[in-house]
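The following block contains the structure, expressed as structure tokens.
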Amino acid sequence: MTTVNLETLKAGETATIAAVHTDRALSYRLAALGFRIGKRIEVIRHGRFSGPLHVRIGATDIMLRKKEAQKIEVQTLA
């Protein structure tokens, strides 16, 4: 398994969250949305022109800024 930033995954790829490197306030907000270590995350699509990422954790769909996605480390599954 390889560890990469969330924003480097392509649409349709699935990974497991390995770490979240943010300040405390954003870390709490992301945890409330389901961004917890060990959770499986799927990239649905990338926004145009470096726009937001559309990701899915469980049954929850979330739009995430590219800047925030760069701070989330994931382990690829394949």
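Given a Förster distance of 35 Å, report the FRET efficiency between Ala11 and Ala32 from their Cβ-Cβ distance, rounded to the nearest 0.05.
According to the calculation, E is roughly 0.90.
While we're here: In the chain, with Lys and Arg counted as +1 and Asp and Glu as -1 at Cβ, which of these residues, His46, Thr76, Asn5, has the Cα nearest the positive end of the dipole, that is, farthest along it?
His46
Ignoring ligands, DNA and RNA, what percent of the 1.4 Å accessible area of the chain is carbon and sulfur?
Here carbon and sulfur together make up 49 percent of the probe-accessible area.
Where does the chain land at 222 nm, in deg cm²/dmol rounded to the nearest 500, when only DSSP H runs of n ≥ 4 count, each adding -39500 (n - 2.57), divided by all residues?
-4500 deg cm²/dmol
Mind checking the full-extension length gain between Arg24 and Arg48? Use 0.36 nm per residue of separation minus the Cα-Cα distance, one decimal, nm.
Length gained between Arg24 and Arg48: 5.7 nm.
What is the log10 of I(q)/I(0) for the range 6-78, computed with the Debye formula using one identical point scatterer on each Cα and no solvent, at q = 0.17, 0.26, 0.27 Å⁻¹?
Each listed q corresponds, in turn, to -0.54, -1.34, -1.45.
Would you pull out the residues with amide H under 5 Å of Arg45's amide H, same chain only if 5 or more places away, H placed 1.01 Å from N?
His54
Also: Magnitude of the Cβ-charge dipole of the chain, K/R +1 and D/E -1, about the Cα centre, nearest 20 debye?
Its charge dipole is roughly 160 debye.
With springs connecting C-alpha atoms under 10 Å apart, model the chain as a Gaussian network and identify which of Leu64, Leu26, Leu53 has the largest mean-square fluctuation.
Fluctuation is largest for Leu26.
Here is a follow-up. Between Ala32, Ile17, Ile57, whose Cα lies farthest towards the positive end of the dipole of the range 7-67 when Lys and Arg beta carbons carry +1 and Asp and Glu beta carbons carry -1, centred on the Cα centre?
In the range 7-67, that residue is Ala32.
Of the residues Glu68, Glu42, Glu13, which exhibits the maximal mean-square fluctuation in a Gaussian network model of the chain defined by a 10 Å Cα contact cut-off?
Greatest mean-square fluctuation among the candidates belongs to Glu13.
Could I ask something else about it? Heavy atoms only, 1.4 Å probe, whole protein assembly: order Thr16, Thr3 by accessible area, highest first.
The residues order as Thr3, Thr16, largest area first.
Continuing with this model, one more query. GNM, the chain, Cα, under 10 Å: largest mean-square fluctuation among Arg40, Arg29, Arg48?
Checking each option, the largest mean-square fluctuation is seen for Arg48.
The values are calculated or read from the model by the stated rules, or taken from the named source; none is laboratory data. Computed from a prediction, not measured in an experiment: that's the story for all the values here. A quick note on method: Cβ atoms are made from the backbone with ideal geometry, for glycine too, and the neighbour counts reach across all protein chains shown. Note: accessible area is taken over every heavy atom of the protein model, side chains too, but ligands, DNA and RNA are not part of it. Shrake-Rupley method; radii C 1.70, N 1.55, O 1.52, S 1.80 Å.
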